[in-house]
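Structure first, commentary second.
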Amino acid sequence: MFGLLALLTASIFFGAAIYINVAEQPARLGLDDRAALAQWGPAYRRGFEMQASLALISGLLGAAAWWQTGNPLWGVGAAIIILNWPYTMLVIMPVNRRLEATRPEEAGDETRDLLLRWGKLHAGRSALGAIAAAIFLLAAFRGL
């Protein structure tokens, strides 16, 4: 059961992350710089809370499945989904801090560049979610 729940939460994580890349970010970039920055702030905070929780829960469930079954694929998937935490803190957070420090009335070309960079970096989170979900799926099939 732990493994299936790990797969479910990793899949939800991936779905949320890819939604940001294929729907929310392009829509945001269609706005002027000031509006795009104003939209990014609350959307990022809500998305971070949801995705951080899903990554942690999925990682813990994957580790529990590994412990329960001895199948190392569960542990590999758990490690990959948890990698979202250090990836976010070390790679994405410097861009976030710069965006958060920008007041909407100061938004301009640099803000647009930061938002574009943020979107590319966020695609890394989507990739980690996809890889973890695929590994969990493979582990589930091997357990049948």
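Listed values, structure above:
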read-out	value
Test for residue 53: is it closer than 15 Å to residue 138 by Cα and among the hydroxyl-bearing types (Ser, Thr, Tyr)	no
Yes/no for residue 7 being of a type in the set (A, V, I, L, M, F, W, C), touching a residue at least 12 places away in the same chain (Cβ under 8 Å) and touching a helix residue (DSSP H, G or I) at 6+ places or on another chain (Cβ under 7 Å)	yes
Residue match in region 13-34 (condition: modelled with pLDDT under 95, aromatic (Phe, Trp, Tyr) and in a helix (DSSP H, G or I))	no
Complete set of residues in region 76-103 that are more than 20 Å from residue 117 (Cβ to Cβ), crowded, with 19+ Cβ neighbours inside 10 Å and over 12 Å from the mean Cα position of the chain (by Cα)	77, 78
One residue from 66, 40, 118 being in contact with a Pro (Cβ under 9 Å, 6 or more places away or on another chain), touching a residue at least 12 places away in the same chain (Cβ under 8 Å) and surrounded by 14 or more Cβ atoms within 10 Å (Cβ to Cβ)	66
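The values are calculated or read from the model by the stated rules, or taken from the named source; none is laboratory data. Everything numeric here is computed off the predicted structure, so don't read it as measured data. For neighbour counting, all protein chains shown are included, and Cβ atoms are generated from backbone atoms with ideal geometry for every residue, glycine included.
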